[in-house]
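The values are calculated or read from the model by the stated rules, or taken from the named source; none is laboratory data. Please read all numbers here as calculations on a predicted model, not as lab measurements. A quick note on method: Cβ atoms are made from the backbone with ideal geometry, for glycine too, and the neighbour counts reach across all protein chains shown. The accessibility values were calculated without ligands, DNA or RNA, using every heavy atom of the protein model including side chains. Shrake-Rupley method; radii C 1.70, N 1.55, O 1.52, S 1.80 Å.
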Amino acid sequence: MMYKGKVKSGFGNASFWMEKISKAFENKYEIKPFLGTLNVKLNGEYILNTDEKILAHEYGGDFDVLVSNCKVLGNKSYILRTEKNNTKDGDHSLEIIEIVSNVNFRKTYNLKDGDIIEIELDK
């Protein structure tokens, strides 16, 4: 399923969390992730419906992290979202998805806030 969304700045702390989760992510998904996420605002709410997750104890966090495959600009990628952020009680609205890959999308594709990109989601 294809979605379009706008690139958006996040809170600026993704590199901290990606550094914490990086080893567990690499062990499960066999890619070394870029230590940051690409935030994309979709036109509507998106609930991540997956059984795939990195458990809180695997990275020293407070919440399990849901993981779902996607493809962005031809790159194998993943949507990451804490279980807390997969509800209306989260820090992000449900319109925001955070994408991780082994690519720094902003640098590689010269993306900036407001740019429209397509995301191929599995679900």
Members of region 78-92 found to be over 17 Å from GLY36 (Cβ atoms), in a loop (DSSP other than H, G, I, E, B) and open to solvent by less than 50 Å² (accessible area, probe 1.4 Å), listed by number
GLY90
Scope region 54-77; condition outside any loop (DSSP other than H, G, I, E, B) and either under 17 Å from TYR109 (Cβ atoms) or open to solvent by 60 Å² or more (accessible area, probe 1.4 Å) (or both); matching residues
HIS57, GLU58, ASN69, CYS70, LYS71, VAL72, ASN75, LYS76, SER77
Is it true that ASN49 is assigned to a loop (DSSP other than H, G, I, E, B), over 13 Å from the mean Cα position of the chain (by Cα), of a type in the set (S, T, N, Q) and at positive phi?
no
Of the residues in region 93-121 that are touching a residue at least 60 places away in the same chain (Cβ under 8 Å), surrounded by 16 or more Cβ atoms within 10 Å (Cβ to Cβ) and in contact with a helix residue (DSSP H, G or I) (Cβ under 9 Å, 6 or more places away or on another chain), the one that is farthest from ILE47 (Cα to Cα) is LEU111
At pLDDT 95 or above and under 11 Å from GLU98 (Cβ atoms): is that true of VAL40 in this structure?
yes
Going through LYS32, LYS23, LYS28, LYS41 one at a time, which residue ends up being open to solvent by 20 Å² or more (accessible area, probe 1.4 Å), in contact with a Lys or Arg (Cβ under 8 Å, 6 or more places away or on another chain) and basic (Lys, Arg)?
LYS41
